[in-house]
Amino acid sequence: MSDMTVIGLGAMGTALTEAFLDKGHAVTVWNRSPAKAHALAAKGAVVAASVEDAVRSSPLIVVCLLVYDTVHEALAPAREALSGRTLVNLTNGTPEQARAMSQWAVTHGANYVDGGIMAVPPMIGRQHALILYSGSRQGFDTHSEQLDALGTSKYLGEDAGLAPLYDISLLAGMYGLFGGVLQALALTGSAGIPAGEFMPLLMSWLQAMQGGLPKWAEQIDAGDHTSNVVSNLGMQAEAYVNLIDASKASGISTELMLPMQSLMKRGVAAGKANADLTSLVELLQPPKQ
Ligand code: FVH
């Protein structure tokens, strides 16, 4: 018997396996393309001949595949073997996919824990790799010590959909930031300014703006977007036009910038010109009943 099985040996599954091995655990692995297991076998992992053998080898099954459809496809031949084990699925997906997978796993007698990895493979095994978990409390508590080998574990609650909800929300913040950074570098780059020269300014500007985010949270939780406003939406919507015009004048695509402008315009049209930018969150959400 191994301590855990890792199913999926892509960039992330390989990093997860290495972190378990580094902590001295006995690990069984399985991957669709067997060649990816060779290097791990040399480090001490046991390579299972089939996905069913892999599941039968351990009480803890960690899955990290490309998408949820892949997980269903890969685990189908091993479903009878899942009974009495804990299935931890670290594949990226939606809250709905996680809840459906949880139901499927519970039907087959497994404890189901969904997970969101807030780290890239080289970070795995270190404290700053945050791994979000939700789903079976019993399954998580039984294996939390082993899972701590992967990074800092954070359990969010019994609803399996919570980990992917936090995961995609954190990714939404990241992609918003990355989109803005790409636009900034396209603008400065078109004027011949090297990215390396502009980046320190951009980083300190973003850090300064980040300081205002706790106030955003307070305003959004209170539903009050009009007290102590220092940069109202009406003013920001006017200034934003310059960002679009300057991009166009330099031949730079505005495709990343236009959706925000459209939301700002909608906010102004809805009478929020004197409110803070935080008021736009209500326009993104479905109307309150
Ligand atoms: N790598 C990263 O930076 C991010 C960090 C945050 C979390 N993500 C998510 O982790 C999942 C796996 O990502 P990955 O980086 O390991 O991805 P790949 O290196 O492309 O490996 C994909 C594995 O999935 C297997 N696979 C694909 N299709 C099938 C299938 N039909 N049946 C069985 N297995 C399948 C693939 O097998 P193979 O191609 O080697 O045979 C790999 O094991 C993912 O959800 C990220 O969003 C990573």
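Summary table
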item	result
Rule-of-thumb Rg ratio for the chain [Cα; 2.2 N^0.38 Å; N residues]	1.23
Within straight-line cross-link reach of Lys248, lysines at Cα separation under 25 Å, skipping those fewer than 8 residues along the same chain	Lys265
Normalised contact order of the chain, rounded percent, pairs of Cα under 8 Å and 6 or more residues apart	12 percent
HN-Hα J in Hz across the range 115-132 - Karplus 6.51, -1.76, 1.60, θ = phi - 60°, x for Gly and Pro	x, x, 8, 9, 6, 9, x, x, 7, 4, x, 10, 4, 7, 8, 8, 10, 8
Dipole magnitude of the chain about its Cα centre (Cβ charges: Lys, Arg +1; Asp, Glu -1), debye to nearest 20	260 debye
Charge dipole magnitude, Cβ of K and R +1, D and E -1 - the range 166-284, Cα centre, debye nearest 20	240 debye
Degrees, to the nearest 10: 258-269 long Cα axis against longest axis of the chain	60 degrees
Where only alpha carbons of the range 4-159 are counted, the Rg and the Dmax (Å)	13.8, 38
Average projection area in nm² (convex hull over Cα atoms of the range 181-289, one quarter of hull surface)	7.8 nm²
Burial order of peptide ranges 147-153, 120-126, 80-86 (average beta-carbon count within 10 Å, highest first)	147-153, 80-86, 120-126
Unit charges at the beta carbon, dipole of the chain: most positive-side option, Leu156, Ala26, Tyr240	Tyr240
Centre separation in Å (Cα based) which lies between the range 176-250 and the range 60-122	38 Å
Cut-off under 5 Å, modelled amide H: who pairs with Leu130 long-range	Met118, Thr152
Principal-axis tilt of helix 162-190 within the chain, Cα atoms, nearest 10 degrees	50 degrees
Rounded to 5, percent antiparallel among DSSP beta bridges of the chain	20 percent
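Readers should treat all values here as calculations from the given coordinates under stated rules, not as data from a laboratory. Given the structure is predicted, the values throughout are model-derived calculations rather than measurements. Positions of Cβ are backbone-derived with ideal geometry, glycine not excepted, and every protein chain shown enters the neighbour counts.
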